[in-house]
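See below for the structure under consideration.
The values are calculated or read from the model by the stated rules, or taken from the named source; none is laboratory data. A quick note: this is a predicted structure, and the numbers were derived from the prediction, not measured. Counting neighbours? That spans all protein chains shown, and the Cβs are built from the backbone with ideal geometry, glycine included.
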Amino acid sequence: MPSLTFPPADADKTMLEEGSVFSPRFDAQGLLTAVVTDASDGMPLMVGHMNAEALALTIETGIAHYWSRSRKALWKKGETSGNFQHIVELRTDCDQDALWLRVKVSGHDATCHTGRRSCFYRTVELADGSARLRSDADQPLFDPKAVYPGK
């Protein structure tokens with residue numbers, strides 16, 4: 001269990017936006033949105049969610065932890081795949097209700113459970129009032145069936 005705790009979000013908007021106290025504002029489900037990019041080239045890798053425990057473990061260990069909304073469980077990124085996300089920089093937005101993690105990925109340098117480097121491997125093409133997905137041809141870097149048996 002992590003030892004780090006966070007003070008309640010300051011009601012004073014100026015202190016929240018300009019002060020030096022990190023007081024993350026978790027939503028009604030106790031979560032913060034976390035945008036994750038590669039520290040070396042800025043590639044967007046994934047979007048995840050953190051509860052207070054995941055955030056504390058991330059800060060204490062230097063490895064990204066998340067709250068899986070589908071599994072309703074704490075999730076240390078890379079624990080199964082070996083593709084750990086090592087924190088290079090952690091930022092918060094102006095009102096401290098979202099995070100930006102700049103990471104270095106170990107292992108296969110893949111973040112997505114499909115085996116790809118990024119979860120953002122498709123483009124939404126807009127034409128004539130409709131939308132269609134197009135793959136950017138990013139191929140998996142590992143076989144997800146071998147890494148995640150039973151999925």
Exercise. What is the number of the single condition among (1) more than 21 Å from H113 (Cα to Cα); (2) loosely packed, with under 15 Cβ neighbours inside 10 Å; (3) in contact with a Lys or Arg (Cβ under 9 Å, 6 or more places away or on another chain) that A9 does not meet?
Worked result: (2)
Problem set entry | Identity of the residue in the range 53-79, hydroxyl-bearing (S, T, Y) and in a strand (DSSP E or B), that ends up surrounded by the fewest Cβ atoms within 10 Å (Cβ to Cβ) | S68
Exercise. Of the residues that sit in the range 94-126 and are of a type in the set (D, E, K, R) and surrounded by 15 or more Cβ atoms within 10 Å (Cβ to Cβ), which one is modelled with the highest pLDDT?
Worked result: R102
For this session: Among the residues of the range 22-42, count how many are under 15 Å from R91 (Cβ atoms) and not polar (S, T, N, Q).
Result: 10
Problem set entry | Filter result (in a helix (DSSP H, G or I) and closer than 13 Å to G82 by Cβ) within the range 101-151 | P144, A146, V147
For this session: Among the residues of the range 62-101, count how many are on the phi < 0 side of the Ramachandran plot and small (G, A, S).
Result: 6
For this session: Check off (1) surrounded by 10 or more Cβ atoms within 10 Å (Cβ to Cβ); (2) of a type outside the set (F, W, Y); (3) modelled with pLDDT under 95; (4) on the phi > 0 side of the Ramachandran plot for D136 and give me the number that stays unchecked.
Result: (4)
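Filter the range 41-58 down to residues that are over 19 Å from M1 (Cα atoms) and touching a strand residue (DSSP E or B) at 6+ places or on another chain (Cβ under 7 Å), then give me how many there are. Lay out the reasoning, then the answer.
Our first condition is that a residue be over 19 Å from M1 (Cα atoms); within the range 41-58, this holds for 41-48.
Remaining after also requiring touching a strand residue (DSSP E or B) at 6+ places or on another chain (Cβ under 7 Å): 43-48.
Qualifying residue count, the range 41-58: 6.
Working only within the range 117-141, note down all residues that are closer than 21 Å to S40 by Cα and over 15 Å from the mean Cα position of the chain (by Cα).
Within the range 117-141, the first condition is being closer than 21 Å to S40 by Cα, and the residues that meet it are 117-121, 136, 138-141.
Listed by number, the residues that qualify are Y121, D136, D138, Q139, P140, L141.
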For this session: Name the single residue, out of those in the range 56-94 being in contact with a Pro (Cβ under 7 Å, 6 or more places away or on another chain) and of a type in the set (A, V, I, L, M), that is farthest from D143 (Cα to Cα).
Result: A56
Exercise. Within the set of pairs 6+ apart or on separate chains, which have a first residue in the range 91-104 that is under 13 Å from G48 (Cα atoms) and touching a residue at least 60 places away in the same chain (Cβ under 8 Å), a second that is in a strand (DSSP E or B) and among the small types (G, A, S), and C-beta atoms under 7 Å apart?
Worked result: L99/A34; L101/A34
